[in-house]
Amino acid sequence: MSESLPQRIAVLGATGSIGTSTLDVAARHPERFRIFAVTANGQLDRLFEICARFAPAHAVLGEESAASELRRRLDEAGVATEVSSGPQALADVAAHPEVDAVMAAIVGAAGLVPTLAAVRAGKRVLLANKESLVLAGHLFMEAARESGAQLLPIDSEHNAVFQSLPADYGRNPDAAGVRRVLLTASGGPFRETPIEALASVTPEQACAHPNWVMGRKISVDSATMMNKGLEVIEAHWLFGVAAERIDVVIHPQSVIHSMVEYVDGSVLAQLGNPDMRTPIAHALAYPERIGAGVAPLDLFAIARLTFEPPDLKRFPCLALAYRALQAGGAAAAVLNAANEEAVAAFLDRRLAFGEIARVIEASLERVVDQRVDTLDAAIEADRRAREDARREILARTTR
Ligand code: NAD
Ligand code: MG
């Protein structure tokens with residue numbers, strides 16, 4: 001490895017599901033990784049525990065009131081972590097000169113600015129925050145090209161695709177003999193629920209994923225399959241593959257994490273237990289391999305792997321994502337913003353599950369032709385789409 005050990009890591013979204021798994025893997029290899037900075041929006045107690053355990057140089061919280069409370073507690077506990085707050089502090093730790101790698105694990109569009117700051121600073125970026133690519137993929141990939149930042153996908157599907165592509169893959173499928181990318185999807189908790197019953201499922205049912213334990217927003221996205229839609233757009237930007245060459249395959253066992261089909265008929269896949277510590281360990285140590293704490297895959301216990309095509313009537317969000325990708329411009333930013341607003345309203349019991357797709361569709365119908373090639377344009381497209389979606393949600397609200 002060219003850089004010296006230990007690698008200094010900034011974990012954005014350290015209190016979340018991906019953040020927690022990242023700290024777990026890093027803690028297994030203290031000689032390799034030093035947690036240099038951690039951030040969270042508001043989970044003060046959890047961030048305190050993390051600071052007490054890892055003694056990072058920096059911690060960032062959303063609000064100054066929470067930051068001063070954390071400062072006080074760390075002081076009392078004799079932990080020398082510098083605590084700051086707000087969006088600028090977040091972007092500053094992401095681009096900090098002493099940071100080698102950034103785990104981008106904030107959920108939603110809120111991750112865009114700090115993740116882009118890390119990319120612009122030329123960091124090795126471990127990308128979990130798919131929403132930032134959906135919102136501003138072109139801008140993001142251009143910034144990576146200019147700075148030389150290395151993007152390593154954490155999303156299990158994209159990490160599997162990355163592992164199934166040649167090491168020198170240059171975002172050109174034809175040059176590499178790639179015919180299609182096959183993204184696998186579990187189908188979520190409602191794969192077999194009668195379609196009529198889907199309209200009225202609860203947040204608890206939607207968040208009970210059969211194979212993965214995740215944050216609430218991505219759990220709802222998995223239940224609507226918008227998660228797979230966002231991943232199609234993510235794959236488009238990461239691997240330079242057109243929408244027509246990205247297929248979704250329902251694979252309920254979640255053992256094959258995705259596949260790449262080559263022109264000679266070969267299909268390469270990456271398999272493993274559904275545990276995010278595998279892609280996290282892969283990206284943290286890349287190109288080396290390290291232990292992740294993940295149980296070995298027991299193929300005899302799994303016995304069979306099955307595949308089926310996605311049902312777009314059951315999962316209209318998946319079709320909407322393809323439509324947004326094909327439309328280009330601000331459409332994907334609008335899709336993402338409307339989805340975030342609709343999911344938040346559903347989790348808050350203000351919107352029925354079945355209405356999530358309708359809110360997004362209505363927002364997409366109002367997309368104005370607009371380029372998203374600057375950060376300001378992306379932020380503006382996101383802001384406008386949220387306002388629009390909130391009006392739409394209000395008109396459909398259940399209380
Ligand atoms: P989570 O809800 O468990 O955690 C989110 C983290 O982001 C928390 O630390 C929270 O404090 C922080 N955060 C939330 N809003 C913020 C804001 N406005 N400003 C700053 N910080 C904020 O989410 P998660 O499941 O860990 O997912 C994180 C990202 O990783 C998402 O983009 C998700 O799509 C992606 N991802 C997650 C999984 C998974 O298994 N959980 C798998 C693939 C991809
Ligand atoms: Mg995924």
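The values are calculated or read from the model by the stated rules, or taken from the named source; none is laboratory data. Since we're looking at a predicted model, the values are computed, not measured. Glycine also receives a Cβ, built like all others from the backbone with ideal geometry; neighbour counts cover every protein chain displayed. Ligands, DNA and RNA are stripped out before the accessible areas are found, and what is left, the full protein with its side chains, is counted by its heavy atoms. Shrake-Rupley method; radii C 1.70, N 1.55, O 1.52, S 1.80 Å.
Pairs meeting the criteria (first residue in the range 148-160 and hydroxyl-bearing (Ser, Thr, Tyr), second residue within 14 Å of ligand 1 (Cβ to nearest atom), beta carbons under 6 Å, at least 6 apart or on different chains) are Ser156/His257; Ser156/Pro279.
Within the range 267-275, at least one residue is under 28 Å from Ala10 (Cβ atoms), assigned to a loop (DSSP other than H, G, I, E, B) and in contact with a strand residue (DSSP E or B) (Cβ under 9 Å, 6 or more places away or on another chain). Return the only residue of Glu387, Glu341 being under 21 Å from the mean Cα position of the chain (by Cα), of a type in the set (Asp, Glu) and not assigned by TED's automatic domain parsing to the domain that holds Gly111. Selected residue: Glu341, the only one of Glu387, Glu341 that is under 21 Å from the mean Cα position of the chain (by Cα), of a type in the set (Asp, Glu) and not assigned by TED's automatic domain parsing to the domain that holds Gly111.
Among the listed residues Asn172, Asn159, identify the single one that is within 14 Å of ligand 1 (Cβ to nearest atom) and either under 27 Å from Leu268 (Cα atoms) or buried (at least 22 other Cβ atoms within 10 Å of the Cβ) (or both). Break it down into steps so the answer makes sense when it comes.
Numbers: Asn172 fails: within 14 Å of ligand 1 (Cβ to nearest atom).
From the options Asn172, Asn159, the qualifying one is Asn159.
Residue by residue, here is whether (1) more than 27 Å from Lys217 (Cα to Cα); (2) away from ligand 2 (no atom under 16 Å from the Cβ) holds:
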site	(1), (2)
Ala37	no, yes
Ala55	yes, yes
Glu82	yes, yes
Ala89	no, yes
Val107	no, no
Ala118	no, yes
Asn129	no, no
Pro153	no, no
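Which members of the range 182-240 meet the condition of being near ligand 1 (Cβ under 10 Å from one of its atoms) and charged (D, E, K, R)? Matches in the range 182-240: Arg216, Lys217, Asp221, Glu231, Glu234. Scanning the range 155-188 for residues that are more than 13 Å from ligand 2 (Cβ to nearest atom) and under 23 Å from Gly19 (Cα atoms) returns a single hit, Gln163. A single member of Val79, Val107 is open to solvent by 30 Å² or more (accessible area, probe 1.4 Å) and under 25 Å from Asp24 (Cβ atoms), and it is Val107.
Checking each residue in the range 110-138 for being closer than 19 Å to Ala235 by Cβ and surrounded by fewer than 20 Cβ atoms within 10 Å (Cβ to Cβ) picks out only His138. Test of understanding: among His58, His29, which residue is touching a His at 6+ places or on another chain (Cβ under 9 Å) and either modelled with pLDDT of 95 or more or not assigned by TED's automatic domain parsing to the domain that holds Gly108 (or both)? Testing whether each residue is touching a His at 6+ places or on another chain (Cβ under 9 Å) and either modelled with pLDDT of 95 or more or not assigned by TED's automatic domain parsing to the domain that holds Gly108 (or both) leaves just His58.
Is the range 214-221 home to any residue that is surrounded by fewer than 22 Cβ atoms within 10 Å (Cβ to Cβ), assigned to a helix (DSSP H, G or I) and under 19 Å from the mean Cα position of the chain (by Cα)? Walk me through how you get there before you give the answer.
Of the range 214-221, the ones surrounded by fewer than 22 Cβ atoms within 10 Å (Cβ to Cβ) are 214-217.
This time we only want the ones that are assigned to a helix (DSSP H, G or I), so: 216-217.
Filter once more, keeping what is under 19 Å from the mean Cα position of the chain (by Cα): 216-217.
The answer is yes, given that some residue of the range 214-221 is surrounded by fewer than 22 Cβ atoms within 10 Å (Cβ to Cβ), assigned to a helix (DSSP H, G or I) and under 19 Å from the mean Cα position of the chain (by Cα).
Number of residues in the range 39-59 that are within 16 Å of Arg72 (Cα to Cα) and in a strand (DSSP E or B): the value is 2. Residue-level check: of (1) within 15 Å of ligand 2 (Cβ to nearest atom); (2) of a type in the set (Gly, Ala, Ser); (3) touching a Ser or Thr at 6+ places or on another chain (Cβ under 8 Å), Ala206 misses just (1). Taking the criterion of being in contact with an Asp or Glu (Cβ under 8 Å, 6 or more places away or on another chain) and modelled with pLDDT of 95 or more, the residues of the range 359-377 that qualify are Val359, Ala362, Ser363.
Return the residues of the range 15-56 that are in contact with a Pro (Cβ under 9 Å, 6 or more places away or on another chain) and either more than 10 Å from ligand 1 (Cβ to nearest atom) or more than 24 Å from Tyr286 (Cα to Cα) (or both); say none if nothing qualifies. Once the filter is applied, which keeps residues that are in contact with a Pro (Cβ under 9 Å, 6 or more places away or on another chain) and either more than 10 Å from ligand 1 (Cβ to nearest atom) or more than 24 Å from Tyr286 (Cα to Cα) (or both), the range 15-56 yields His29, Pro30, Glu31, Arg32, Phe33, Arg34, Ile35, Phe36, Ala37, Ile50.
Please specify each residue of the range 296-322 satisfying the condition of being part of a helix (DSSP H, G or I) and not aliphatic (A, V, I, L, M). Working first, answer last.
Kept after step one, since they are part of a helix (DSSP H, G or I), are these residues of the range 296-322: 299-302, 316-322.
Phe300, Pro316, Cys317, Tyr322 - these are the residues of the range 296-322 that are part of a helix (DSSP H, G or I) and not aliphatic (A, V, I, L, M).
Listed here are the residues, each with its yes/no results for (1) under 30 Å from Ala176 (Cα atoms); (2) within 21 Å of the chain's Cα centre (by Cα).
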| residue | (1), (2) |
| --- | --- |
| Arg277 | yes, yes |
| Leu347 | no, yes |
| Arg350 | no, no |
| Arg366 | no, no |
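What residue, of Leu299, Leu335, Leu312, is within 30 Å of Val255 (Cα to Cα), hydrophobic (A, V, I, L, M, F, W, C) and under 21 Å from the mean Cα position of the chain (by Cα)? If you could, list the steps in order and put the result at the bottom.
Numbers: Leu299 fails: under 21 Å from the mean Cα position of the chain (by Cα); Leu312 fails: under 21 Å from the mean Cα position of the chain (by Cα).
The unique qualifying residue is Leu335.
Going residue by residue through the range 271-287, is there one that turns out to be open to solvent by 50 Å² or more (accessible area, probe 1.4 Å) and within 14 Å of ligand 1 (Cβ to nearest atom)?
Among the residues of the range 271-287, not one is open to solvent by 50 Å² or more (accessible area, probe 1.4 Å) and within 14 Å of ligand 1 (Cβ to nearest atom), which makes the answer no.
Residues in the range 16-35 that are surrounded by fewer than 23 Cβ atoms within 10 Å (Cβ to Cβ) and not in a helix (DSSP H, G or I) were compared, and the one that is farthest from ligand 2 (Cβ to nearest atom) is Glu31.
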